[in-house]
Structures are given as C-alpha cells and as structure tokens.
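Participant: Have a look at the structure that comes next, please.
The values are calculated or read from the model by the stated rules, or taken from the named source; none is laboratory data. The structure presented is a predicted model; accordingly, all values stated were derived computationally and were not measured. Positions of Cβ are backbone-derived with ideal geometry, glycine not excepted, and every protein chain shown enters the neighbour counts.
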Amino acid sequence: MQTDVFRGMEEIIRRNLKRRGMAGACPAGELEKAARSLADASTVMIVTGFVIRDAMTGETDGPPGAIALASALEGMGKRTVIVTDEYSRGIVVSGLLSRGAGTPVEAVPAGSTCAFCDGLLERYAPSHVIAVERPGRAKDGRCYSMRGEDLSDIVPDTDVLFKKARARKLTTIAVGDGGNEVGMGKVRSHITGAVSLGEKISAQFAADYLVVAGVSNWGAYALAAALSLLSRRLLLHDTPAEARLLDSIVRAGAVDGCTGESAPTVDGLSLAENLEIHEMLKKTVELALRKGTSRD
Ligand code: CA
C-alpha cells in the first residue's frame with residue numbers, strides 16, 4: 001500500500017524529535033496529504049532561511065531541504081520560487097548553483113513586508129506556499145530562536161505572506177522541527193506543554209498541512225521522496241549531491257544553527273547522520289518503485 005510507504009517515511013524523519021520534546025507533535029498522515037496536494041500544484045512558493053543572531057547569517061537547516069523540494073517539483077513540471085531574506089540569499093543561490101538549478105530566488109527586505117509580499121503573490125501567482133524552517137511569529141507577534149532570543153528586530157516578517165496566502169485561499173504547508181517555525185501553530189497546544197520555552201516561542205500561524213521532522217531538511221527530503229512515489233520516478237537527488245550542496249552553502253556563509261560553527265553539520269548532527277536519513281528516504285522510494293507500490 002502506498003500509505004504504508006508514506007508512513008514509513010514519516011517514521012524515518014522522526015529521529016531526533018524526542019530530544020526536542022517534539023515526539024508527540026507529529027500529526028500522522030500529513031506527509032501524504034501535503035504531497036498529494038502538491039501533486040496538483042501549479043506554482044509553488046517555498047519560504048526558507050533562519051538567521052543565527054551570533055553569526056548574522058543563515059543556518060544550514062532549511063535551504064538544502066527547500067532546494068531538494070524545488071528540484072523535485074520542477075521535475076514534475078511545476079514552477080517554483082524560493083523566498084528568503086538577505087541573511088540566506090547567498091546561501092540559497094550557492095546551493096542552487098551546486099545543483100545546476102535555475103529556480104528564481106527572492107529576498108524579503110527588512111522593515112514592513114506587506115507590500116513586498118503582495119507583490120510576490122501577484123507576480124508568481126502560486127497555488128501553494130510552503131515554509132521550510134522559517135521563523136514564525138509567536139502569540140505576542142515577535143519571533144524567537146529555540147533558546148528564546150527575540151529575533152524580531154532582524155528577521156523580516158514572512159508570516160504576512162502566509163496570512164495573505166490564506167486570505168487568497170491558497171494552500172499552505174509547513175515543515176519544522178522545533179515549534180518556533182511558521183506553520184507550527186497547528187500543534188501549538190503540544191508545543192506549549194512539552195517544548196522548553198514553548199509558551200513563549202511557539203509559532204501562531206497554523207499551516208493547512210504540517211510536516212514535523214527531527215530536522216527540517218529531512219521533512220523536505222521526505223516531501224521530495226513522497227512526490228517521487230506519486231510520480232513513479234525518483235525526484236530526490238542522490239546523496240553525494242546532497243553532500244556537495246551542504247558544502248556549497250557552508251562556503252557561502254551558512255552555519256550550524258545549534259553549534260554556530262561554519263561546518264556542513266545541521267542542528268548539531270554530523271554530515272554522516274544527515275546523509276543517512278537522506279539515503280534511507282531515497283532507498284525507501286527506490287524499493288517501493290521497484291515493487292510497483294506507486295501503482296496501488
Ligand atoms: Ca532545525
């Protein structure tokens with residue numbers, strides 16, 4: 001059954017969630033629902049980039065997943081655009097170059113983002129807006145790091161984009177791992193009860209579909225794997241390409257969001273640990289495609 005394969009992918013990306021207090025915050029079946037919705041998309045706007053204040057640059061979690069997802073969607077004939085901010089623009093561009101991808105990149109400016117977000121929605125006319133590890137506004141309208149640092153003065157407000165998308169009846173999807181990312185409002189009651197500083201940092205906006213993963217990149221890889229299953233061909237790039245992508249974004253300034261180091265690690269996990277999850281997802285799809293599960 002296809003559903004069993006989707007559930008298997010959800011299991012793979014659950015690793016590391018317990019450490020974050022997020023083990024109970026994974027609504028089952030969301031990966032399949034999100035992927036089925038994306039299969040009918042026309043243009044997909046992917047919003048990513050999480051600045052680390054100490055380094056004033058973006059982290060390694062987010063852009064690789066966003067790029068993997070954009071390339072899977074483009075492989076299905078969808079149009080995509082990646083939206084980020086100035087801290088992560090060079091990181092995203094470098095990652096796309098390493099993949100030889102020509103996805104357009106937009107950077108939301110500092111200050112009021114309202115008119116800029118309206119312009120983006122007009123210009124690209126997306127059917128779907130997806131967040132991959134993007135700071136979300138909490139109940140008090142500010143946005144926070146996992147450690148509770150207030151980032152509102154440096155992070156352009158992209159919740160506006162999601163609220164405007166909802167007002168236009170577009171589909172919203174979010175991928176997150178900590179509770180402070182836009183879209184995680186869908187499991188807010190869990191976050192406030194189980195995550196350290198949850199009441200303060202928990203994001204308010206609830207995405208239509210929410211993929212919770214141990215690391216946000218893994219959630220986006222899982223979406224690319226799920227789209228592969230639905231399209232009956234592998235759309236997730238190979239694991240050495242993922243290693244090259246991580247290397248390229250670190251050279252462009254990305255740092256590990258947990259250690260603050262300029263290294264191809266993600267959320268404090270080694271390159272090998274991250275590539276292992278990527279490889280497991282890829283093998284799961286390859287096996288399902290060989291067995292013909294996609295034709296169920
Ligand atoms: Ca993360």
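Participant: Do we find that R99 is crowded, with 18+ Cβ neighbours inside 10 Å and charged (D, E, K, R) in this structure?
Facilitator: On the way: crowded, with 18+ Cβ neighbours inside 10 Å: yes; charged (D, E, K, R): yes.
Yes; evaluated as a whole, the condition is true for this residue.
Participant: Residues V105, V132: which one is modelled with pLDDT of 95 or more, more than 16 Å from the ligand (Cβ to nearest atom) and not polar (S, T, N, Q)?
Facilitator: V105
Participant: All but one of (1) touching a Gly at 6+ places or on another chain (Cβ under 9 Å); (2) within 16 Å of the ligand (Cβ to nearest atom) hold for T3; state the number of the condition that does not hold.
Facilitator: The failed condition is (2).
Participant: Identify all residues within the range 146-190 that are among the polar types (S, T, N, Q), part of a loop (DSSP other than H, G, I, E, B) and within 26 Å of A222 (Cα to Cα); write none if there are none.
Facilitator: T158, N180, listed by residue number.
Participant: Sort out which residues of the range 175-195 are out of contact with any Asp or Glu (no Cβ under 8 Å at 6 or more places or on another chain), under 20 Å from S152 (Cβ atoms) and within 16 Å of the ligand (Cβ to nearest atom), and write them in order of number.
Facilitator: Here is the first cut: in the range 175-195, the residues out of contact with any Asp or Glu (no Cβ under 8 Å at 6 or more places or on another chain) are 178-180, 183-191, 193-195.
Remaining after also requiring under 20 Å from S152 (Cβ atoms): 178-180, 183-185, 188, 191, 195.
If the condition is that a residue be out of contact with any Asp or Glu (no Cβ under 8 Å at 6 or more places or on another chain), under 20 Å from S152 (Cβ atoms) and within 16 Å of the ligand (Cβ to nearest atom), then G178, G179, N180, G183, M184, I191, V195 are the ones that fit.
Participant: What are the residues in the range 153-174 that are of a type in the set (S, T, N, Q) and either within 16 Å of the ligand (Cβ to nearest atom) or farther than 17 Å from F116 by Cβ (or both), if any?
Facilitator: Once the filter is applied, which keeps residues that are of a type in the set (S, T, N, Q) and either within 16 Å of the ligand (Cβ to nearest atom) or farther than 17 Å from F116 by Cβ (or both), the range 153-174 yields T171, T172.
Participant: Could I ask something else about it? Could you pull out every one of the strands (runs of 3 or more DSSP E) wholly within the range 27-145 that has 1 or more residues that are over 30 Å from M9 (Cβ atoms)?
Facilitator: 105-108
Participant: Please give the number of the condition T259 fails out of (1) buried (at least 24 other Cβ atoms within 10 Å of the Cβ); (2) farther than 20 Å from F162 by Cβ.
Facilitator: All conditions are met except number (1).
Participant: Within the range 1-26, how many residues turn out to be over 17 Å from the mean Cα position of the chain (by Cα), buried (at least 17 other Cβ atoms within 10 Å of the Cβ) and in a loop (DSSP other than H, G, I, E, B)?
Facilitator: Going through the range 1-26 one residue at a time, the tally reaches 1.
Participant: Take A213 and decide whether it is more than 13 Å from C26 (Cα to Cα) and buried (at least 24 other Cβ atoms within 10 Å of the Cβ).
Facilitator: Here the answer is no, as A213 does not meet what is asked.
Participant: Pull up the range 196-223, narrow it to residues that are within 13 Å of the ligand (Cβ to nearest atom) and assigned to a loop (DSSP other than H, G, I, E, B), then point me to the one that is farthest from the chain's Cα centre (by Cα).
Facilitator: So the residue we want is G214.
Participant: Here's another thing I want to ask about it. I'm trying to understand the selection: among the residues of the range 250-282, which are touching a residue at least 24 places away in the same chain (Cβ under 8 Å), more than 14 Å from the ligand (Cβ to nearest atom) and in a helix (DSSP H, G or I)?
Facilitator: Within the range 250-282, V250, R251, L271, L275, H278, E279, M280, L281, K282 qualify.
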